[in-house]
Structures are given as structure tokens and as C-alpha cells.
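In what follows, a single structure is set out as C-alpha cells and then discussed.
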Amino acid sequence: KYNLFHRQFGLFLSKCKILTKQSCRQVSHEQKQQIKKVIPFLDMINTRRDQARKSILVQVQSTESFKELHSYCNSLGTVNQTFHYTTGAEQMNFIIIEFTRESNVTSVINNSLHLNKDQGFPVHSNFLWFKASNRKSRLKLHNCQLNKENGNKIPTSSEIREFLQTKNDISEQIEGLYNLTKLNEVATRLRFLTTRQIELSVAGMFPHAIAYPFGSSVNGFGKMGCDLDIVFQLTSECLAKEDSRLVFHCKAINSYERSVTQRHMEVMGDLLQLFLPGCTQIRKILQARVPIIKYYQQFTDVECDLSMSNMSGVFMSDLLYVFGLIDSRVRPLVFVVRKWAQEVGITNNSPGRWLSNFSLTLLVLAFLQKIGTSPLVLPSINTILKQSGTGYNSVSENESSFIQNIALSQYRSSNTDSLEKLLKQFFNFYSSFDFTTKAINLNEAITITKPEYNALYIVNPLERGLNVSKNVSQEELEKFKYELRNASWSLESQEKENSNWGILDILQTKKKVATNYFNFPKQERLMEVSKLFDEEKEKKSNYSKTSSENA
Ligand code: CTP
Ligand code: MG
């Protein structure tokens, strides 16, 4: 009886196992996406800031010093995680050490020293270097491993091309490009350590000041090596209760606000220049609409744009981040379009009369909204804000303006097009888009008649009276349209046997088949662009005529 029971119970258990396996397999890709926990933008930012507060950055002679450094740090606190990378022409070795508590970092900083006056000003910071010991170390070395590979390595063009050649189809290539080039863990931590350095620099006077990273470093569309946009807010929530009887003495603010911001920026620029370790190539651009300080943080290998004005860039990054969460095809598609634009020369790292990566991203998102795809892939901004209960009536500085309640199931799209199909549709859609009379409005997911004549008009989602792409000249728009047609043609007329198949063909830097714009002699190229330019000018004058008649 016992044996029989045992056997039947065994059978019952194995049946249970099979059923569990089957039900696991039945969870589709789509469901998995829904099950994946959604972390709102502000929570992600706070988690990363918390990691940075618990971390230090240490330069070491070589990775051989790691065990000793690890043991030394463990004698002052508890090490939680470590990451290695190299930077600079001399391949300097750095290790990020994350402790379990912020107080460990305080203890490490209090136990660190300045060697001598020739070394520079005796600044305290979270950026340190590990001194070789003359005496035989009495530290008990821990048995710990370090990943010796450079954790902050940017893939080279040939590595990307080789990787994409191994893929089976265009959709796989697009997905592969995204996975290979997106910001990784080390690069993300380095960006938050860079903002932490700014906060710590004034922590004595402003202990609650926050340096918010925004733009591609945090909005989900950042690639390895992208710049870091920072908005530094000196004022922040006060922890004291309202009935506190002791009040701080402060200096009066008595001038016109813009000049105050400019003065503060000047001081920050000087602080970076004179005192902050690793901050080099400081350039103050204080007359711009949004005054910024550009600098290069050589220890973390990040180009930075520091501003101190409003938070709209941060709220904008929140919106883009949410768009990336809603559908898993959004980020890969934006990546491939941005890469293509860079390779064919319609975007450029420096600002100018050409399309910015930000405008290009908005064009992809608008295409994925009602106006380009059917059925739609993405909802309008108004829908997202309404469903998450977020109000943007004014771009205020308080945290309630962040999107907190993101129920992805509400936005599930019935569009199942592959990435390949979407990319082709993107090129076709904008090849024949009426840029002359139409403006793009992502708030309502529609196109509207242009309120004023700029070559390209994308309504700023947070400040609707402004055009995000006001800087784009007619000539640059014509180049964009030309390249759209070129890319569309390339993808449609491909032979798989060619080693430059799929997106490899459109990602080639200005070296293409006869019909390509860049293959024409320079003079012809100019004529081609100027012909398109004349056509566009004619359209523009017709447009002004009809709109004044309508008026
Ligand atoms: N931004 C904005 N309105 C503009 C321009 C920029 O709100 N007219 C905000 C956006 O949040 C944008 C961020 O500022 O993402 C940073 O702008 P920029 O550095 O030009 O673009 P990124 O998205 O960071 O892309 P890149 O990788 O080229 O830096
Ligand atoms: Mg940027």
C-alpha cells in the first residue's frame, strides 16, 4: 500500500511539474513585457542617485591593486559591488566601489589624505586614487574577483558591423544594434557619479541641492559615449517643520532673475575650473536662451552640459522614458534612426542649423503615434498624462509633475509590425510628408497647420508656443528628405548575398551606390540641393499666399 501511494504521489508531482512548465511556456513575449516591473522615471533616478551617494571612484595603478583596495575599503565599511573600466589615451584604470551605506563613504572620505601642497588645492571629493604601500600590507586580502574588461568601452564601427553581419534579418539587426550600443551599467553609474560630484561641491552651503541628469543619459535613448545634460537646482525641499523657531539668515536676491542665474552659473564655472578634480575644458555659454557650462569630466569620461534654469528638460526626459517603456520596439527604432542620421551626416554632435537627436527622436515617436502607423503603436501625450493623472499646466519645479502611475496594459497596441517593417514605413512616411504646411503635435498625436513658417515645425510638448526644431534650415531639411528617400530605396532594393545587407547598407558613411547624393561630384550635389531648395521656396510662397487669402 505504501509503495502504491508513493508511486501515485510521484506521478502526481511530475504531472504538476509538467503543468507548471507548460503554463510558463504559455506566457507570451507580450505578457512578459507586461509582467516586467515598471519603474517610473523618478524612482529610477532616485535609485541611481542613491547608488552614487554610496559610491566612490578610485584610480588604481593596475587591476593588480584591486584585492588590496577591496580589503582596505572593507576595513572602513562594507563593499557591496565593484566595477572596473579604463579611460584616456594612457588607459588609466578606475574602479567604482559601491558600499552598503552612505556613512561608509563619509568614513572613507574622512580617512583619505592630501599628499602635499604641490598636488593642488586640498579638496574633499568622491574621486580618489589608491596609493601604493611601501610597507608590507597587514591587510587580510579577501578572495574577490574583478572583471578586468573595460566596462565603459564604446563599440567601434567595425565591431558593430561585424556583429550586425551575423544576424538573420533586418529586425534582428535593429534589435542587435540597440543592445550593443545602448548605455550600459558602468556608463550609467559614471553619469550619476558625475552629477554627485556637482552636488558635493556645494554641499556645505546647500546640503539639499540636486543635480538632475536629463536627456539621453537617462531617457532610455542614450548610447555609449553620449553626453550628460545636468540641471543643478540649489534650492530644494527643506526638512525642518514649519513651526521651527530658528530661521536661516540669507543674502537677499535683488536682481532680475536671468542675471542672477548667469551670475550663479559663472560661479559654478569657476568652481569647476579651479577646484573640482577631473573637470577640464570648461566653456561658459551664458548668453544663450538657456545658459550652460560645457565641460569634460576626464575621470568618468563624460562630456557635460550644466544648466541651472528650469526643469522642463527633466520632465521631457520623463516623457521620452515612458514612451520607451510603452512598447519594446520604440527604443531600437529610435536607435537605428539616430545611427543612420549620424552616418549620413544629417545630425552632428555640435548644435547648428541641422536636426538635433532630440528632434529626430520626436519625429520617430510622432510616426509611431496615430499619424504614421496604423494601427497606432504609441498613444498621444495627452492620453498618457490623463491616464497617469499628471498635470503639466505649468512647468513647475515640484515632483508631482513626474509621471508616477504607469499602467502599461492600458496602452497595449494591436500593431504587431516587425521592426523592419516599421523602419521602412518611417522612411516612406517622412519622404512624402508635407513639411511645408504641416507641423507635428505629439500632445494630440496629430499634424496641424504650421502656426508660423519654420522649415521644420515640431510643437514643444511642454511649452506649446515653441518649436523644438526652429533651428533647422531649409537646406538641412532638404538633405534630410533626400536621405530619407535614399534609405527607403536602399532597403527596398537589396540583395541578401551582399555583405552590406540590411541596415548595414544605410549605416555606411557616405559611400554608396551611384544614385546616392554623396556619390555625385560636389558641384552636382550642391545643384541638386539648390534645386530642391528652389522647389521648396516656391511651395513656401504659395503657402504664405494661401494662408493670407484664408486669413
Ligand atoms: N530639450 C528640450 N527642448 C529642446 C531641446 C532639448 O526639452 N528644444 C531637452 C530634452 O529632454 C532633451 C534634452 O533637453 O533630451 C537634452 O538635449 P540634447 O542633449 O540636445 O539631446 P539628447 O536627447 O540628450 O541627445 P544627445 O544624445 O544628442 O545628447
Ligand atoms: Mg544630451
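Restricted to region 224-238, and to residues there that are within 14 Å of ligand 1 (Cβ to nearest atom) and charged (D, E, K, R), the residue that is surrounded by the most Cβ atoms within 10 Å (Cβ to Cβ) is Asp229. Of all the residues in region 51-87, those that are touching a residue at least 24 places away in the same chain (Cβ under 8 Å), part of a helix (DSSP H, G or I) and not small (Gly, Ala, Ser) number 11. Please find, within region 36-50, the residue that is farthest from Glu303 (Cα to Cα) out of those that are aliphatic (A, V, I, L, M) and not in a helix (DSSP H, G or I). Among residues in region 36-50 that are aliphatic (A, V, I, L, M) and not in a helix (DSSP H, G or I), the one farthest from Glu303 (Cα to Cα) is Val38. Scanning region 199-220 for residues that are within 16 Å of ligand 2 (Cβ to nearest atom) and aliphatic (A, V, I, L, M) yields a total of 2. For region 96-124, the candidate set comprises residues that are of a type in the set (A, V, I, L, M, F, W, C) and closer than 19 Å to Gln297 by Cα; within that set, the residue that is nearest to the chain's Cα centre (by Cα) is Ile96. Of the listed requirements (1) more than 16 Å from ligand 1 (Cβ to nearest atom); (2) closer than 21 Å to Leu376 by Cβ; (3) part of a loop (DSSP other than H, G, I, E, B), Leu422 misses just one: (3). Scanning region 445-473 for residues that are of a type in the set (Phe, Trp, Tyr) and under 22 Å from Val290 (Cβ atoms) yields one hit, Tyr457.
Within region 382-419, being assigned to a helix (DSSP H, G or I) and at pLDDT 95 or above holds for one residue alone: Leu419.
Name every residue in region 285-317 that is small (Gly, Ala, Ser) and in a strand (DSSP E or B), in order of residue number. Step through it out loud before you land on a result.
Taking region 285-317 as the starting set, the residues that turn out to be small (Gly, Ala, Ser) are 288, 307, 309, 312-313, 317.
Once the filter is applied, which keeps residues that are small (Gly, Ala, Ser) and in a strand (DSSP E or B), region 285-317 yields only Ser307.
Residues that are under 21 Å from Tyr296 (Cβ atoms) number at least 2 in the following helices (runs of 4 or more DSSP H) confined to region 125-227: 185-201.
Yes or no, residue by residue, for (1) over 27 Å from Thr361 (Cα atoms); (2) away from ligand 1 (no atom under 15 Å from the Cβ); (3) buried (at least 19 other Cβ atoms within 10 Å of the Cβ):
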| residue | (1), (2), (3) |
| --- | --- |
| Leu193 | no, yes, yes |
| Ser201 | yes, yes, yes |
| Met205 | yes, yes, no |
| Ser216 | no, no, yes |
| Gly222 | no, no, yes |
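Here Leu190 clears all of (1) closer than 18 Å to Gln59 by Cα; (2) more than 16 Å from ligand 2 (Cβ to nearest atom) except the condition numbered (2).
Scan region 81-125 for residues that are over 21 Å from Asn184 (Cβ atoms), of a type in the set (Ser, Thr, Tyr) and touching a strand residue (DSSP E or B) at 6+ places or on another chain (Cβ under 7 Å) and report the count. So the answer is 2.
Each residue in region 252-289 was checked for being over 21 Å from Phe127 (Cα atoms), at pLDDT 85 or above and in contact with a helix residue (DSSP H, G or I) (Cβ under 7 Å, 6 or more places away or on another chain), and 2 of them qualify. Pairing residues of region 452-477 that are within 13 Å of Asn441 (Cβ to Cβ) with residues that are of a type in the set (Lys, Arg) and away from ligand 1 (no atom under 13 Å from the Cβ), at Cβ distances under 6 Å and at least 6 apart in sequence or on separate chains, gives Tyr457/Lys450.
The values are calculated or read from the model by the stated rules, or taken from the named source; none is laboratory data. Quick caveat, the model's predicted, so the values are computed rather than measured. Please note: Cβ atoms are built from the backbone with ideal geometry, for glycine as well, and neighbour counts cover all protein chains shown.
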